[in-house]
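Computed from the coordinates by the stated procedures, all read-outs in this text should not be read as laboratory data. Keep in mind the model is a prediction, meaning the values are calculated, not measured.
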Amino acid sequence: MILELLFSITLLISGGHLVSTNLKLHHYSDEDYKEIFYLKNKKSITKHCTRHDKLETLKKVRRSREGGSQTDFQIHNPYPIQDTPQQDTFNNQRNN
């Protein structure tokens, strides 16, 4: 009951927005934000960011500081850009 109230207040204040560790703003639907809110420490989940219109992998990291604890979200692209194979120009330049 208390956790549901805390979630509702957080959703009301943030509006479903998260700031990642590299200070980029991300927005998620209410259902996705609820799953992100209840995510356990050091677990990751893939959700659709409505601001960037793509899938993103979120990892919740909770750190202890001197004044208390801090929760950070590491957000990554689940499909990183891969290098395209380059044409072999050395063999083309060689005389046979």
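Can you tell me how the range 15-79 classifies by the Cα gyration tensor, rounded, prolate or oblate, using a/c under 1.5 as the rounded cut?
Values: a/c = 1.75, a/b = 1.70, b/c = 1.03.
Note, shape of the range 15-79 comes out prolate.
Lysine pair count for the range 15-79 (Cα-Cα distance under 17 Å; residues 8 or more apart in sequence or on different chains): 17.
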